[in-house]
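Report on the structure given below.
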Amino acid sequence: MPVIEQVVILVMDSAGVGALPDAHLYGDEGSNTLGNLSRAVGGLSLPTLGSLGLGSIIPIAGVPPSATPLACYGKMAEQSPGKDTTTGHWEIAGIKLERPFPTYPHGFPPAVIQALTERIGTPVLGNKPASGTEIIAELGAEHMRTGYPIVYTSADSVLQIAAHEEVIPLPRLYEICQIAREIMTGEHAVGRVIARPFIGQPGSFQRTPNRHDYSLKPPRPHLLHLLQEAGLAVQAVGKINDIFAGDGITASFPTKSNAEGMEKTLACVQQHRPGLVFTNLVEFDMLYGHRNDPQGYARALQELDDFLPRLLGALTEKDLLIITADHGCDPTTTSTDHSREYVPLLVYGPALRQGIDLGTRQTFADIAATVGEIFQIALPNGISFAAPIGAV
């Protein structure tokens, strides 16, 4: 029986695999991020993900089912209400939410905006749901003229603040977001406050990679802090540290691209430190899902697929790799928001069983339960699949 010392969780942000049974409650009937985009682009070429078993989870054009998948495979339903990044990642870590985070389909109430403007000493622009690229196109020129930050939201539980880096420098934008985070508590405790800096001139504004997320502190118990308390490493790559507000993180490696996230993940894995490497690859969602760009999404998937042989080659018999997602963001629908979807589950280790169909898991927390069982840590939610894959 192998002794697993290092687990790697790689989150393909927004790579959903089909609408959940309650998707109609979210306006997401028919969403299927990987399935729909694969047909929209005339088929994907993902030989490594295909060899692991991605095509065995759902029909994906260009990625046929493997006769002998190298990984164990399945899909997972989200048990918590919602379809946002924080909810998805928290559930992966074993947290089940009973109530969704608050959303603001009509903008934030006057009391919130008044509190924010009083604290920062300036009015704000916007205060409505909007696409991030569209609202800076709409209000960017006025922002540059007035110096007022742009406040907006989406279908998710977020308060986003956009500012031109030459009008409101990054340190000040981050300070404003921290103030907003302090305000958004209690009934207004949104999942995230997000700094959305941009550059350019009217007609050609571009968002920069300098976004920063300010999340709520997650409720305990959860996988990350329990691993840390057990003396194990919890290395966070990408926006994982932001999503968990640093709780349970022993080392954080922020990134500005998928490519950087992949390289930093590989560097962490090669250290072979007992514990967890937890990575979020954000560009699938941020650059392509929200912008309804199936071609760009397909290129990003290809980039990951090209990288994976290097990651797989770095794994030892004491390592376990889990590839999954946190929600959907179907780039082929009219919506630019996240979609309420199943997420893929691929589980691989050089010393573990191959080709086991893990079926449809009822919660993302099955990942936390599995990692917990491997490291002999008890969690209240989820059912472990460590035994079926031969990890215990």
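Observations
- Taking every C-alpha pair closer than 8 Å and separated by at least 6 residues, the mean separation divided by the residue count of the chain gives a relative contact order of 30 percent.
- Computed from label points 7 Å out along Cα-Cβ, the spacing between ALA141 and GLN302 is 3.7 nm.
- DSSP beta bridge pairing in the chain, given as percent antiparallel to the nearest 5: 35 percent
- Our note on the geometry: Cα centres of segment 259-297 and segment 332-392, 18 Å apart.
- Stretch gain in nm, segment LEU170-GLU187, where the contour uses 0.36 nm per residue and the Cα spacing is subtracted: 3.3 nm
- Comparing mean-square fluctuations of ILE135, ILE240, ILE95 from a GNM of the chain with C-alpha springs under 10 Å, the top value falls on ILE135.
- For the chain, the calculated P(r), taken from all Cα-Cα distances in 20 Å bins from zero up to the bin holding the longest distance, is 29, 58, 13, 0 percent.
- With helices as the sole contributors, the chain gives -9000 deg cm²/dmol at 222 nm; each DSSP H run of n ≥ 4 counts as -39500 (n - 2.57), and the sum is divided by every residue.
- Sparsely packed GluC sites (Glu not before Pro) within segment 18-123, loop by DSSP, other Cβ within 10 Å at most 12: GLU29, GLU98
A short reminder: the numbers here are calculations on the coordinates, not readings from a lab. What you see is a predicted model; the values in this text were computed from it and never measured. Reconstructed Cβ throughout: ideal geometry from the backbone, glycine too, with neighbour counts over all protein chains shown.
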